[in-house]
Amino acid sequence: MDELLAKLHRTNCLTKDEIVELLGGLTPEGRKTLYRFADETRQAHYGKDVFMRGLIEFSNICKQDCLYCGLRRSNGGVDRYRLTEDEILACTDEGYALGYRSFVLQSGEDFRFTEEVLSGIVRRIKERYPDVAITLSVGERSEDFYRALHEAGADRYLLRHETASRSLYDSLHPGMSYDNRIECLHTLKRIGYQVGAGFMVGLPGQTPEHLAEDLLFLHELQPEMIGIGPFIPHSSTPLAGAAGGTVEDTLVMVALARLFVPAAMLPATTAMGTLDPVGREKALKAGANVVMPILSPLAVREKYALYENKICTGDESAHCRHCIEMRIVASGYRINLGRGDHVAFREETDPAVNFA
Ligand code: SAH
Ligand code: SF4
C-alpha cells in the first residue's frame, strides 16, 4: 500500500488495477498519508491559498431528467424560478462589494437563456467589472454557443462528466448521451476555456473500478478544475432510497484527484459541507483549494435544491463570506479573493503568482 502511495506521489499516475487495489486496501494510516501527499501537492502549486468564487444559481428550470437530481424535469414539486438579468447583475454587485473577483453562473439546462441572452449578461458583467473572472455552468450546449459565450467574456466552464463509466452514465441520464458530454468537454478545452470536469461519489451501482475510470479520465483530460462531491439522494427522485456517498469516500477521491491532476483548481464542495459540518475543512486538508459560497438571492436559495438540506440557504451573502473565511483561516489556509486562475492561465502580473 505504501509503495502504491509513494508511486502515485512520485509519478502522479497509477494503472486501473493499482487504483482498485489502493481503494480496497486503504487503512486509516494510509488515508492520512494520502491526505498529506495531496496537501503537499496542492501547496507546491498554490501555496496556502484558498480561492473564493461567488456562486449565482440563476435558474432552477431544467429540460434534463438526471435520475439523481432534485431539479430534474419530472420533479413536479419544485417551485421553479428564473432570475432576471438585473437580478443577476445585482448579485454580482453585492459579490463585488464583498470582495469577490470570481463569479460562477450556474443553472439547470434552461434554454430560455439563449446564446444571445447569456452573452448579453456576461458582457454586462464584464463591462461593469473588467477585473472579474466568469465561470459558466449551464450544461450541454452547441459549439457555437460555447464560442459565442467565450467571446462575450466567459473565462471558464464547469461541466462535470458525472461518471466516466458509459454504462453507469447511461443508467442515470435518460435521453442524454455520454459521448456528447465528453465531446462538450473537449470542445470547451479547444475553444480555450479553463474547463472543469468532475464526478459524484456513492452513486448507486458505482464500484471502485468506476472510480478508477474517473481518475484515469481526469488524468487524460487534464481539466483546469475538478468538482467532486458525494451523491446525496433527494426524496423526490427515483433514487430516493439509495445509500448515497460518504464524506470519507469523497475525501479519498478528492485527494486522489489532486495527485492525478496536481495543478487543478479543486473545490471543497457545498455537498461536503452538507453531509458534515466540517466537511469542507476536511476537503481543504485533503487537497482542495477552492470554495464557492452562494451569492444567489435569499428568496430563491432553497429552491435550487439539487439535493436536500443544502447548507447556507438561509444566510445572507455577507454572512456566508465571513463564515467561510473563518473556516479557511482556522484550517491554516489563506483567503484569496482574486480571479483565481489556474496556474497555466495566469498573467505574469497577477500578484497571487508568487508563493515564495
Ligand atoms: N445543469 C448543469 C449544472 C447544474 S447541476 C449540469 O448538470 O451540468 C450541478 C451538479 O450538481 C451536477 O453536475 C451534479 O454532479 C450535481 N448534483 C446534482 N444532483 C446531485 C445530488 N443529488 N447530490 C449531489 N450532487 C448532485
Ligand atoms: Fe438538470 Fe443539471 Fe440537475 Fe441534470 S444535474 S437535472 S442537467 S440541473
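Our coupling estimate for the stretch 169-174, obtained by passing each phi through the Karplus curve with A = 6.51, B = -1.76, C = 1.60 and θ = phi - 60°, is 4, 4, 6, 10, 10, x Hz, Gly and Pro reported as x.
The GNM of the chain, with springs linking C-alpha atoms under 10 angstrom apart, assigns the highest mean-square fluctuation among Phe145, Phe58, Phe103 to Phe145.
Any number yet on Rg/Rh for the stretch 202-356, C-alpha, Kirkwood? Could you put the intermediate results ahead of the total?
Values: Rg = 16.5 Å, Rh = 16.9 Å.
Rg/Rh for the stretch 202-356 comes to 0.98.
What full-extension length gain, to one decimal in nm, is calculated for Arg82 and Asp249 as 0.36 nm per residue of separation minus the Cα-Cα distance? Present the calculation step by step, with values, prior to reporting the outcome.
Values: separation 167, 0.36 × 167 = 60.12 nm, distance 3.46 nm.
My answer for the length gained is 56.7 nm.
Kirkwood Rh over Cα pairs of the stretch 119-214 into Stokes-Einstein at 25 °C, 0.890 mPa s: D in µm²/s? Write down the numbers at each step before the final one.
Working: Rh = 14.6 Å.
In µm²/s, the coefficient is 169.
Could you pull out which residues in the stretch 278-293 have an amide N less than 19 Å from a spot 7 Å beyond the Cα of Arg334, following the Cα-Cβ vector? Inside the label zone: 284-291. Solvent-free Debye calculation, one equal scatterer per alpha-carbon of the stretch 1-85: log10 I(q)/I(0) at 0.12, 0.24, 0.26 Å⁻¹ equals -0.70, -1.11, -1.27.
For the stretch 1-158, take the alpha-carbon Rg, divide it by the Kirkwood Rh, and send me Rg/Rh. Display every interim value, and only then the final one.
Details: Rg = 20.6 Å, Rh = 18.8 Å.
With Rg and the Kirkwood Rh in hand, the quotient comes to 1.10.
Using only helices, what value at 222 nm comes out for the chain when you add -39,500 (n - 2.57) per DSSP H run of length 4 or more and divide by the total residues, to the nearest 500 deg cm²/dmol? Estimated from H runs of four or more residues: -13500 deg cm²/dmol. Our analysis of the stretch 224-282 gives Rg over Rh at 1.02, with the two radii drawn from alpha carbon positions and Rh computed by the Kirkwood formula.
Within a straight-line Cα-Cα reach of under 23 Å, Lys48 can be paired with the following lysines, leaving aside sequence neighbours fewer than 8 residues apart in one chain: Lys32, Lys282, Lys285.
FRET efficiency for the Ala90 to Asn12 pair, using the beta carbon distance and R₀ = 41 Å, is estimated at 0.45. I'd like to know which of Val300, Met253, Leu337 lies farthest towards the positive end of the charge dipole of the chain, counting +1 on Cβ of Lys and Arg and -1 on Cβ of Asp and Glu. My answer, from the dipole projection, is Leu337. Computed from label points 7 Å out along Cα-Cβ, the spacing between His45 and Arg31 is 2.4 nm.
With charges only on Cβ, +1 for K and R and -1 for D and E, what is the dipole size of the stretch 25-162 about its Cα centre, in debye, rounded to 20? Write out the running numbers ahead of the final one.
Values: 21 positive and 24 negative charges, 89 e Å.
Magnitude of the dipole: close to 420 debye.
Of the Cα atoms belonging to the chain, the radius of gyration and Dmax stand at 19.0, 55 Å. Within the listed set Lys63, Lys16, Lys189, the residue fluctuating most in the Gaussian network model of the chain (springs between alpha-carbon atoms under 10 angstrom) is Lys63.
Just so you know, all these numbers are worked out from the coordinates, no wet-lab data involved. As the structure is a prediction and not an experimental result, all values here were calculated from the model. Methodologically, a virtual Cβ is constructed for each residue, glycine included, from the backbone with ideal geometry; neighbour enumeration extends over all protein chains shown.
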